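Colleague: So that we are looking at the same thing, I have put the structure below in structure tokens.
The values are calculated or read from the model by the stated rules, or taken from the named source; none is laboratory data. A quick note: this is a predicted structure, and the numbers were derived from the prediction, not measured. Methodologically, a virtual Cβ is constructed for each residue, glycine included, from the backbone with ideal geometry; neighbour enumeration extends over all protein chains shown. All accessible areas refer to the heavy atoms of the entire protein, side chains included, with ligands and DNA or RNA removed. Shrake-Rupley method; radii C 1.70, N 1.55, O 1.52, S 1.80 Å.
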Amino acid sequence: MNCDYLRERLDNLWEGAESAEVTRHLAECPSCAREYRDLRVVGAGFRLMKREAEPEPSIGFAERLVRQLGELSKAPSVAEFFERAGRRFVYATVVLTFLALLAIVLPATGPVRGLSIADIQLSGPEAQMANADPFGESSLQDAPDLAPEEVPAPAATHEVK
Amino acid sequence: MENSGAQLAQEIQWIKRAQQGEPEAFGPLVQKYQQRVFSLVYHLVRRRDEVEDLAQEIFIKAFRAIRSYNFQSSFVTWLSRIATNHCYDYLRHERASRVSFYWQMGEESQQELEANAQSQPEDALDHEEQLALKDLVEKLLERAPENDRKILLLKELQDYSVEEIAEILNLKPTTVKVRLHRARKRMLEDLRQWREENKRS
Ligand SMILES: [Zn+2]
């Protein structure tokens with residue numbers, strides 16, 4: 001049942017090469033004959049697909065595209081604007097959060113000294129609060145300097161689609 | 001798509017100006033390659049109504065990325081790579097499997113069709129039979145793994161050479177040959193398997 005004759009010549013046969021030897025084998029070997037039939041069916045399907053009339057650009061396609069590109073390249077795109085604004089917002093958030101943490105921690109620890117992460121996370125009553133909220137997210141969001149109105153609308157990072 | 005020396009020099013001028021951000025210089029490149037892109041997109045997505053929008057998106061992407069074109073491969077190969085990737089992004093989101101026309105034919109008509117397809121050139125088949133064959137191959141392509149599909153489409157429908165496909169897909173030509181062989185084999189195996197599935201149900 002399993003004969004490799006056809007499979008070994010698959011690419012040549014697929015591309016249309018036939019020979020007397022192949023024909024002889026196909027006449028004797030039902031398994032290859034069956035497979036060859038499928039090969040012809042698939043090949044015919046491909047050729048028919050290829051021959052279909054292809055859609056053509058509507059009149060003025062290139063001109064419209066150039067105009068569109070011109071408009072897109074004028075004035076920085078909206079997406080870029082939000083991207084930049086978004087990045088600035090992230091920086092600002094990081095800095096403000098850090099300052100807020102310092103403000104909480106410093107008065108309790110007296111004169112300025114080197115602060116380690118461990119100091120911030122594990123000392124004082126604030127630590128318990130922080131532990132109740134393992135990711136510290138709620139306290140960050142409550143930071144007074146960050147009015148929620150400043151949050152940009154979900155960045156419209158649309159590419160041209 | 002052969003370029004004469006003068007045409008090529010002209011094309012390089014357009015590309016360089018487009019790389020400076022001049023959309024007007026991109027226009028002639030669009031003119032020159034729009035049919036090629038339409039054809040590629042159509043064969044990759046098989047949806048007439050989507051082709052123009054996709055082609056437009058592809059040219060916009062190409063213009064935005066044109067500084068990354070370094071004249072190593074031909075411009076059309078570079079453009080085809082962008083087009084192929086764009087179509088696959090689209091297909092990943094849009095693919096909906098439709099009912100197969102071929103499998104609704106009944107076993108006898110299928111066998112008759114297969115016998116006809118073997119004994120005569122495909123344009124001698126009647127309209128229904130032609131539709132069924134195209135539909136069968138379309139469905140087989142939909143079932144094929146993405147890498148197989150890409151390679152088969154570029155080879156069988158777009159007539160790219162092994163070397164060109166290698167450039168478009170960023171592979172070695174020998175790899176393309178091996179994958180093409182495997183893709184063809186798998187497609188025939190899948191047809192056989194699919195036939196069994198249909199017999200059982
Ligand atoms: Zn055999």
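Colleague: Within the accessible area of chain B, what % is carbon and sulfur when the probe is 1.4 Å and the other protein chains stay in place? All intermediate terms of the calculation are to be shown ahead of the outcome.
Modeller: On the way: 4550 of 9920 Å².
It is 46 percent, rounded to a whole number.
Colleague: Same structure again: Output the peptides B:166-175, B:55-64 sorted from most to least packed, where packing is the average of other Cβ atoms within 10 Å over each peptide's residues. Can you show the working numbers first?
Modeller: Working: B:166-175: 15.7, B:55-64: 21.5.
Result, highest mean Cβ count within 10 Å first: B:55-64, B:166-175.
Colleague: Among the lysines, which fall within straight-line cross-link reach of B:Lys150, defined as a Cα-Cα distance under 26 Å, with same-chain neighbours fewer than 8 residues apart omitted?
Modeller: Cross-link targets: A:Lys50, A:Lys161, B:Lys32, B:Lys61, B:Lys134, B:Lys139, B:Lys172, B:Lys177, B:Lys185.
Colleague: Averaged across orientations, what area in nm² does the convex hull of the alpha carbons in segment B:1-96 project?
Modeller: On the way: hull surface 24.5 nm².
Answer in nm², one decimal: 6.1.
Colleague: Also, quick follow-up: In nm, to one decimal, how far is the modelled label at B:Thr174 from the one at A:Arg37, with both set 7 Å along Cα→Cβ?
Modeller: 3.9 nm
Colleague: Now, a different point. Determine the shielding of peptide B:21-32 by partner chains: average, over its residues, the number of Cβ atoms on other chains within 10 angstrom of each Cβ.
Modeller: Values: counts 2, 4, 10, 4, 1, 5, 6, 2, 1, 8, 6, 1.
That average works out to 4.
Colleague: I would also like to ask the following. Using a 10 Å cut-off around each Cβ of peptide B:182-189, what is the average number of partner chain Cβ atoms that fall inside?
Modeller: Details: counts 1, 0, 9, 5, 0, 5, 10, 3.
Partner Cβ neighbours, averaged per residue: 4.
Colleague: Can I ask one more? Can you tally the net charge around A:Cys3? Count Lys and Arg as +1, Asp and Glu as -1, for every other residue whose Cβ sits under 12 Å from the Cβ of A:Cys3.
Modeller: On the way: positive: A:Arg7, A:Arg9, A:Arg34; negative: A:Asp4, A:Glu8, A:Glu28, A:Glu35.
It works out to a net charge of -1.
Colleague: Let me ask something else about it. What is the calculated FRET efficiency for B:Leu131 to B:Ser161, with r their C-beta to C-beta distance and R₀ = 30 Å, to the nearest 0.05? Display every interim value, and only then the final one.
Modeller: Numbers: r = 30 Å, r/R0 = 0.99.
The formula returns an efficiency of 0.50 here.
Colleague: Report the FRET efficiency, 1/(1 + (r/R0)^6), for B:Glu24 and B:Asp89, where r is their Cβ-Cβ distance and R0 is 35 Å, rounded to 0.05.
Modeller: Numbers: r = 28 Å, r/R0 = 0.81.
Calculated value: 0.80.
Colleague: Looking only at segment A:1-43, which residues have a backbone nitrogen under 19 Å from a spot 7 Å from the Cα of A:Arg51 in the C-beta direction?
Modeller: Residues A:14-17, A:38-43 qualify, since their backbone N sits under 19 Å from the label point.
Colleague: Moving on to the next point. At 7 Å along Cα-to-Cβ for each site, give me the label-to-label distance between A:Arg7 and A:Arg24 in nm.
Modeller: Once both label points are built, they end up 2.4 nm from each other.
Colleague: Here's something else I'd like to know. Viscosity 0.692 mPa s, temperature 37 °C: what is the translational diffusion coefficient of segment A:3-51 from Stokes-Einstein with a Kirkwood Rh over Cα pairs, rounded to a whole number of µm²/s? Don't jump to the answer; show the numbers that get you there.
Modeller: On the way: Rh = 11.1 Å.
So the translational diffusion coefficient is about 295 µm²/s.
Colleague: Next question, about the same structure. Please compute the Cα-Cα pair-distance distribution of segment B:105-160 with 5 Å bins starting at 0, giving whole percents from short to long.
Modeller: P(r) for segment B:105-160, in whole percents per bin: 4, 17, 22, 21, 17, 14, 4, 0.
Colleague: Taking the Cα centre of each part, how many Å lie between segment B:163-201 and segment B:61-80?
Modeller: Here the answer is 28 Å between Cα centres.
Colleague: Additional query: Counting partner chain Cβ atoms within 10 Å of every residue's Cβ in A:65-74, what's the average? Walk me through the numbers before you get to the answer.
Modeller: Working: counts 11, 11, 3, 5, 12, 4, 1, 4, 5, 1.
Mean shielding by partner chains, rounded to a whole number: 6.
Colleague: Please work out the Cα convex hull volume for chain B and give it in Å³ per residue. Please report the intermediate quantities before stating the final value.
Modeller: On the way: hull volume 28.8 nm³, N = 201.
Hull volume normalised by residue count: 143 Å³.
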